[in-house]
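Participant: Quick one: the structure is below, questions incoming.
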Amino acid sequence: MRVLLIYPEYPDTFWSFKYALKFIRKKAALPPLGLLTIGAMLPKEWPKKLVDMNVRKLTKNDLAWADCAFISAMVVQTKSARETISRCKEAGLKVIAGGPLFTSEYDTFGEVDHFVLNEAELTLPSFLADLEKGCAKRVYKTRDFCDIRKTPAPMWELIDLKNYASMSIQFSRGCPFNCEFCNVTALFGHRSRTKTADQIIKELDGLYTQGWRGQVFFVDDNFIGNKAYLKAHLLPALIQWQKGKKGIPFNTEASVNLADDAELMEMMVKAGFDTVFIGIETPSEESLAECNKQQNKNRDLLESVKLMQRAGLQVTGGFIIGFDNDTPSIFQRQIDFIQKSGIVTAMVGLLNAPPGTRLYERMRKEGRLTGLITGDNIDGTTNILPKMGIDELREGYRSVMFQLYSPEYYYERAMTFLREYRMPKIKTSMDFQRVLAAFRSSIRLGILGKERFQYWKILLWTLFRRPQLLTLAFTFTIYGHHFRKICELHIL
């Protein structure tokens, strides 16, 4: 059985970094980790080929070569996924689909032959066994959660690592919290299930052996869900692994209570972590209570961000507008908080209700659902009827995004961060690609861009005041270009 593993194309989104990737001549931000792991679960004797449509086009030769296609996608990839499924069916291929998109919306994809849903470690073996016997069902799903200590390492050999800006690995699944709008616990449960430290080291060794020296993203929805195991096992192993190496930067996602644990932050920085995404959501205590964001309540969120930055962790943040308790004052409050925090990469989106969440059920009961989510965090759409008028909400949202990513506000925020950030001891050198990116940004942004004045101001300030952060300052200028393009083309 010749298997074609297909990852559909992303539209232009906040996290696609499409306009930033051009500066470093990369084709995609991250590889399709799920499909690479599925590849390792399929029979070894089956020939496999992976097509990441964010890297290259799916060709007629690819389709002619294969006997079946395994497709995985997130909701934001819906359009490309539908087009890809149709092409596969026209080519006579059997289509097997899984991943977040199909887990929540499988009944809307009539052309798919088989759905392998939820955690593939549990549902894929049953499908493969039935397929071999010639009695495969259309839908395989489960409410159980697997032991990811038995999950195989991804098949990195299926991709060309040079096409990607970062690699990704997974340490844990699940989150101990229960935020109303989040579908993580619906998909992966409340208990944080972890791989062993040995597994992670072997996965990193696999990447390092193939020549990878860049950033590695731990894709966990809450990396610190099991603090005890992190401190006792994983972080000491990562600290040891980094010794004698150039320095591989890690980044991940965590809850804001990371700021309460100075020892944990110190160990993460020693292990190579320099960036963490935090779901801050809102400075409004009423809205935090509404969405059951207990870990964010009754704390000085601004000080929590500063504590992480001073520990050596750059904070990127998620913010939400459109809670029932939000009033028109929330727009300026969000701007003020983000500017004061120095969170350079601030993803601000309207509240949406993904299927499977408690928010979805509440909106359904209240008759306030308007359809399905788009999966694009900042496209200015929502699938619920907000208490605030929809026109006022959208106009306020556009105003927030326009200000946050205007050169004046964006560079001011970056300067705030650069003044307070403590540079981690583990450093990475400015390789040839980064040198070229700096040169390209100097022409594109420093000479031709609208932000010329702000561009040179931040670079010169960094050069003379904090020269060790110059590479980071260049990165911020390039990210800002991407974020402004996204706002101009899709929001404003």
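Participant: When the dipole is taken about the Cα centre of region 10-102, and only Lys, Arg (+1) and Asp, Glu (-1) are charged at their Cβ, what size is it in debye, to the nearest 20?
Facilitator: Charge dipole, region 10-102, about its Cα centre: 340 debye, nearest 20.
Participant: With +1 on each Lys and Arg Cβ and -1 on each Asp and Glu Cβ, and nothing else charged, work out how big the dipole of the chain is about its Cα centre, in Debye to the nearest 20. Write down the numbers at each step before the final one.
Facilitator: Values: 67 positive and 54 negative charges, 333 e Å.
Here the size comes out at about 1600 debye.
Participant: Related question: If each DSSP helix of 4+ residues adds -39,500 (n - 2.57) and the sum is divided by the residues in the chain, what number results at 222 nm, nearest 500 deg cm²/dmol? Each step should come with its number before you reach the end.
Facilitator: Working: 19 runs with 204 residues, N = 492.
So the calculated ellipticity at 222 nm is -12500 deg cm²/dmol.
Participant: Also, quick follow-up: Determine the dipole magnitude for region 165-420: charges of +1 sit on the beta-carbon of Lys and Arg, -1 on that of Asp and Glu, nothing else is charged, the reference point is the Cα centre, and the result goes in debye to the nearest 20.
Facilitator: 800
Participant: What is the distance in Å between the Cα centroid of region 23-40 and that of region 145-159?
Facilitator: Answer, in whole Å: 14.
Participant: Taking only Cα atoms, what is the 0 to 90° angle, nearest 10, from helix 120-133's long axis to the longest principal axis of the chain?
Facilitator: Value to nearest ten degrees: 20.
Participant: Take the alpha carbon atoms of region 311-381, find their center, do the same for region 72-111, and report the distance between the two centers in whole angstrom.
Facilitator: Region 311-381 and region 72-111 have Cα centres spaced 27 Å from each other.
Participant: How tilted is helix 452-465 with respect to the longest principal axis of the chain? Cα atoms for both, answer in degrees (0 to 90, nearest 10).
Facilitator: 80
Participant: Where the centroid of each part is defined by its Cα atoms, how far is region 186-239 from region 463-485 in Å?
Facilitator: About 28 Å separates the Cα centre of region 186-239 from the one of region 463-485.
Participant: Which cysteines in the chain lack any other cysteine whose Cβ sits under 4.7 Å from their own Cβ?
Facilitator: 68, 88, 135, 146, 175, 291, 487
Participant: Another question, if that's okay. Compute the helix-to-body angle for 197-209: its Cα long axis versus the longest principal axis of the chain, expressed 0 to 90° and rounded to tens.
Facilitator: 90
Participant: Which one, 163, 217, 135, projects farthest toward the positive side of the charge dipole computed for the chain from Cβ point charges (K/R +1, D/E -1)?
Facilitator: 163
Participant: Pairs of alpha-carbon atoms within less than 8 angstrom and 6+ residues apart define the contacts here; what relative contact order does the chain have, in percent? Present the calculation step by step, with values, prior to reporting the outcome.
Facilitator: Numbers: 859 pairs, mean separation 65.8, N = 492.
Dividing the mean separation by the residue count of the chain yields 13 percent.
Participant: Find how much the distance from residue 297 to residue 408 grows on full extension, using 0.36 nm per residue of separation minus their present alpha carbon separation; answer in nm with one decimal. Mind showing how you got there, number by number?
Facilitator: Numbers: separation 111, 0.36 × 111 = 39.96 nm, distance 3.10 nm.
Result for the pair: 36.9 nm of gain on full extension.
Participant: Can you return the lysines within cross-link range of residue 94? Criterion is Cα-Cα under 23 Å, with same-chain partners fewer than 8 residues away left out.
Facilitator: 44, 48, 49, 57, 60, 79, 133, 137, 141
No lab work stands behind these numbers, since they all come straight from the coordinates. Because the structure is a prediction, the values reported are computed rather than measured. Here Cβ is always computed from backbone atoms with ideal geometry, including for glycine, and neighbour counts include all displayed protein chains.
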